[in-house]
Amino acid sequence: MKISTKGRYGLTIMMELAAKFGEGPISLKSIAERNQLSEHYLEQLVAPLRNAGLVKSIRGAYGGYVLSKEPEQITAGDIIRILEGPISPVDFTEEDDPAKRDLWLRIRDSIAAVLDNTTLADLNNYQSEAESDSYMFYI
């Protein structure tokens, strides 16, 4: 399963909104500029997120988008399913071999578990191991 630009850019939009949660609406133009993405493409991606109830649009000169729930309540799985559809590495319903069918099911379930257990708050608070384990030694 390969996540397309729809899923990746959609996650970028949601992470930007989560980072500014509680500070008021954020324009897609500012998100597009900050991440060097097409504003027009982001407009196409935010519509299904709004229809699914993950974001709210606010009109006006200082309008934009805000998350409809707290970042801790929205998972990467929610976003990917809305923009990409069901999570499945292959169409395993056509698989005759029970061993391979079980493999595809376990892969699907593992991917879903990671996405469903990763919230926007987790993504925005992420620190790589290199950052968190960097010690300064003085000689």
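Relative contact order (percent) for the chain, with alpha-carbon contacts under 8 angstrom and 6 or more residues of separation?
Values: 151 pairs, mean separation 38.3, N = 139.
Relative contact order comes out at 28 percent.
Annotated for region 5-125: lysine pairs at least 8 residues apart or interchain, Cα distance under 26 Å, count 10.
For the chain, the longest principal axis of the alpha carbon atoms and the long axis of helix 5-19 meet at an angle near 50°. For the modelled label position 7 Å from the Cα of S27 along Cα-to-Cβ, which residues of region 40-56 have backbone nitrogen atoms closer than 19 Å? Within reach of a label on S27, which here means backbone N under 19 Å from a point 7 Å along Cα→Cβ, region 40-56 contributes 40-47, 56.
Please find the FRET efficiency linking S57 to V114, where r is the Cβ-Cβ separation and R0 is fixed at 30 Å, and quote it to the nearest 0.05. Walk me through the numbers on the way to the answer.
Values: r = 30 Å, r/R0 = 0.99.
About 0.50, to the nearest 0.05.
Which FRET efficiency value, to the nearest 0.05, is calculated for R50 and K100 with the Förster distance at 41 angstrom and r the Cβ-Cβ distance? List each step's numbers first, then the result.
Numbers: r = 39 Å, r/R0 = 0.95.
Calculated value: 0.55.
Relative to the 2.2 N^0.38 Å rule of thumb, the chain has a C-alpha radius of gyration ratio of 1.27.
Here the chain has 51 percent of its accessible surface on carbon and sulfur atoms, given a 1.4 Å probe and all protein chains in place. Geometric descriptor of region 10-63, per residue, is 79 Å³ (volume of the convex hull of the Cα atoms).
In the complete set of protein chains, residue-level accessible area for L123 is approximately 50 Å², probe 1.4 angstrom.
Note down the magnitude of the dipole of the chain about its Cα centre, charges +1 on Lys and Arg C-beta and -1 on Asp and Glu C-beta and zero elsewhere, to the nearest 20 debye.
Numbers: 15 positive and 21 negative charges, 129 e Å.
For the chain, the charge dipole is close to 620 debye.
The values are calculated or read from the model by the stated rules, or taken from the named source; none is laboratory data. If you're wondering where the values come from, they're calculated on a predicted model, not measured in any experiment. Using ideal geometry, Cβ is built from the backbone for each residue, glycine included, and neighbour counts are taken over all protein chains shown. For accessibility, only protein heavy atoms count, side chains too; no ligands or nucleic acids. Shrake-Rupley method; radii C 1.70, N 1.55, O 1.52, S 1.80 Å.
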